Amino acid sequence: MGSTAPLVHIGYHKTATTFLQQELFADDRTFQAPWKPQSAEAIEHFVLTHPRRFDPGAIRDSFLATCRDDGRVPVISHEALAGNPVYRRYNSDRIAARIAACFPDACILIGVREQASLLHSLYLQYISQGGTEDIHAMLRQNADHIGFRPLLRMDFFLNTT
């Protein structure tokens, strides 16, 4: 592969990630996505791989071996690269460190959304997946939980730095 650094899209939930994947990154005149958003490669490597089996060089080599050196920008895009609050996965720090270890030259694209709108949209997703709490009860219930169990853990959504 040439000198083109990959574009890694950290698809925070409810920030037009699906639109970008289907409308922008699907343009194969400009982009190549050997690890399709609906496939498991990015999740396997950056989210699920056990720390002792994580090998940044092997992951990078595997990705670059699937890219064509034809001037198109290689893209990795997946919602779970930002963690997944609906499934209580608050592991974005570890995922970011893994991406940086594999692709220190990557261009990173992160979409954001105003927090109240984001929380409301995530709550609607929770309800559509069978959740039963109303949003106020759910947020109050989570106020005292400090581990990975709470849904919509507020410190995940608030910048405290």
Among the numbered conditions (1) in contact with a Lys or Arg (Cβ under 8 Å, 6 or more places away or on another chain); (2) touching a residue at least 60 places away in the same chain (Cβ under 8 Å); (3) open to solvent by 10 Å² or more (accessible area, probe 1.4 Å); (4) not hydrophobic (A, V, I, L, M, F, W, C), tell me where ASP105 comes up short. (1)
Subset of the range 39-56, residues in contact (Cβ under 8 Å) with a residue 40 or more places away in the chain and assigned to a helix (DSSP H, G or I), comes to HIS45, PHE46, VAL47, PRO56
Go through (1) surrounded by 15 or more Cβ atoms within 10 Å (Cβ to Cβ); (2) closer than 23 Å to GLN129 by Cβ; (3) modelled with pLDDT of 90 or more for ALA82 and report which single condition fails. (3)
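Condition check: on the phi < 0 side of the Ramachandran plot, surrounded by fewer than 16 Cβ atoms within 10 Å (Cβ to Cβ), under 18 Å from the mean Cα position of the chain (by Cα) and without any contact (Cβ under 8 Å) to a residue 12 or more places away in the chain. Does ARG89 satisfy that? Spell out the reasoning first.
Working: on the phi < 0 side of the Ramachandran plot: yes; surrounded by fewer than 16 Cβ atoms within 10 Å (Cβ to Cβ): yes; under 18 Å from the mean Cα position of the chain (by Cα): yes; without any contact (Cβ under 8 Å) to a residue 12 or more places away in the chain: no.
No; evaluated as a whole, the condition is false for this residue.
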Residue satisfying all of: in the range 5-26; assigned to a loop (DSSP other than H, G, I, E, B) and surrounded by fewer than 17 Cβ atoms within 10 Å (Cβ to Cβ); modelled with the highest pLDDT among these: ALA26
Residue satisfying condition, being more than 23 Å from GLN129 (Cα to Cα) and open to solvent by 40 Å² or more (accessible area, probe 1.4 Å), within set ARG98, ARG29: ARG29
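The values are calculated or read from the model by the stated rules, or taken from the named source; none is laboratory data. These numbers come from a predicted model, not from an experiment. Cβ coordinates were reconstructed from backbone atoms using ideal geometry, including for glycine residues, and neighbour counts include every protein chain displayed. Ligands, DNA and RNA are excluded from the accessible area calculation, which covers all protein heavy atoms including side chains. Shrake-Rupley method; radii C 1.70, N 1.55, O 1.52, S 1.80 Å.
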